[in-house]
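Single-structure report; data block below.
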Amino acid sequence: IQAFIDSAQILQYWDYFSVAWLILGVFVATIAPEMLCGDRREKTLILYFSRPITRLDYLLSKLLATGLLTLTITLVPLVIFWLGRQLLSNSPVMAMKDNIGDLWKIILVSVLSSAYLGALGLVVSAFTGRKAIAVGIIVVALLFSSALAGVLQEVFGSASQKAWFALISPAR
């Protein structure tokens with residue numbers, strides 16, 4: 001196995017997000033409307049708010065649920081990938097100690113991207129009661145934001161400006 005691994009180019013952790021971005025966007029576009037649209041269309045919000053729950057509690061619980069579901073695509077595969085890379089080294093325990101910083105970065109980036117995408121999906125879903133329309137708007141918003149970030153990065157030549165425009169696109 002080592003002969004194949006040494007000769008092959010191994011992906012970096014951050015390459016995963018660029019590869020899995022389309023899957024992640026479609027996943028968020030399908031689960032976020034499920035969180036809110038059904039409650040509005042079936043008129044179950046009245047039942048929720050008949051108990052001592054505030055609107056903020058309701059929204060935070062929906063954001064937490066969306067974020068946790070999204071973490072299954074962002075965090076779980078990368079932790080398995082990190083663990084596999086450490087176990088394939090000559091000294092796995094030493095490799096884990098040396099690369100524990102990468103694990104914390106993976107966790108941080110995964111949690112932030114899951115929360116951001118979950119919030120984006122829930123914001124779009126809050127304005128419509130139809131799931132199909134919400135899915136379409138979320139997919140178009142993700143594609144448009146990526147295109148807008150790319151265009152703005154090309155128009156503005158400064159490296160510091162390019163870095164800030166990358167924040168427009170969740171994929172970047």
(request) Excluding residues on the same chain fewer than 8 positions from Lys62, give the lysines whose Cα lies under 27 Å from its Cα. (result) Lys43, Lys105, Lys131
(request) Express in whole angstrom the spacing between the alpha-carbon centres of region 103-172 and region 57-88. (result) 18 Å
(request) Compute, for Glu34, the solvent-accessible surface of its heavy atoms (probe 1.4 Å) with the complete set of protein chains present, and express it in square angstrom to the nearest 10. (result) 110 Å²
(message) Give me the net charge for the shell around Ser125: Cβ to Cβ below 12 angstrom, other residues only, Lys and Arg +1, Asp and Glu -1.
(response) +3
(request) Scale the Cα Rg of region 66-167 by the rule-of-thumb value 2.2 N^0.38 Å and send over the ratio, two decimals. (result) 1.43
(request) Give a residue-ordered list of calculated ³J(HN,Hα) values for region 48-53 (Karplus: 6.51 cos²θ - 1.76 cosθ + 1.60, θ = phi - 60°; whole Hz; x for Gly, Pro). (result) 4, 7, 6, 9, x, 10
(request) With the full set of protein chains in place, find how many percent of the accessible area of region 36-126 is carbon and sulfur; take the probe as 1.4 Å. (result) 73 percent
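Leaving out ligands and nucleic acids, and using a 1.4 Å probe, what accessible area per residue does the chain come to in Å²? Walk me through the numbers before you get to the answer.
Numbers: 10910 Å² over 172 residues.
Heavy-atom accessible area per residue stands at 63 Å².
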(message) Please report the net charge: other residues with Cβ closer than 14 Å to the Cβ of Leu59, K and R +1, D and E -1.
(response) +1
(request) Would you kindly state the longest site-free stretch of the chain, with sites defined as chymotrypsin sites (Phe, Trp or Tyr not before Pro) in a DSSP loop (not H, G, I, E, B) surrounded by at most 14 other Cβ atoms within 10 Å? (result) 50-126
(request) Determine ³J(HN,Hα), in whole Hz, for all residues of region 76-88 in sequence, where each value follows from phi through the Karplus function 6.51 cos²θ - 1.76 cosθ + 1.60 and θ = phi - 60°; x replaces Gly and Pro. (result) 4, x, 6, 5, 5, 5, 4, 5, x, 5, 6, 6, 7
(message) Ignoring everything except DSSP H segments at least 4 long, calculate the 222 nm mean residue ellipticity for the chain; use -39,500 (n - 2.57) per segment, divide by total residues, nearest 500.
(response) -26500 deg cm²/dmol
(request) Kindly provide log₁₀ I(q)/I(0) values, in the same order as q = 0.15, 0.19, 0.26 Å⁻¹, from the Debye equation applied to equal alpha-carbon scatterers of region 107-172. (result) -0.56, -0.79, -1.05
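Distances over 15 Å make up what percent of all Cα-Cα pairs in region 90-129? Provide the component values of the computation, followed by the final result.
On the way: 465 of 780 pairs.
The proportion of pairs with Cα distances above 15 Å equals 60 percent.
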(message) Need one number: convex hull volume per residue for region 8-125, Cα atoms only, in Å³.
(response) 113 Å³
(request) Sort Met94, Met35 by accessible area with a 1.4 Å probe, largest first. (result) Met94, Met35
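The values are calculated or read from the model by the stated rules, or taken from the named source; none is laboratory data. What you see is a predicted model; the values in this text were computed from it and never measured. Cβ sites come from the backbone with ideal geometry, for glycine too, and all protein chains shown count toward neighbours. To get the accessible areas, we keep the full protein, side chains included, count just its heavy atoms, and leave off ligands, DNA and RNA. Shrake-Rupley method; radii C 1.70, N 1.55, O 1.52, S 1.80 Å.
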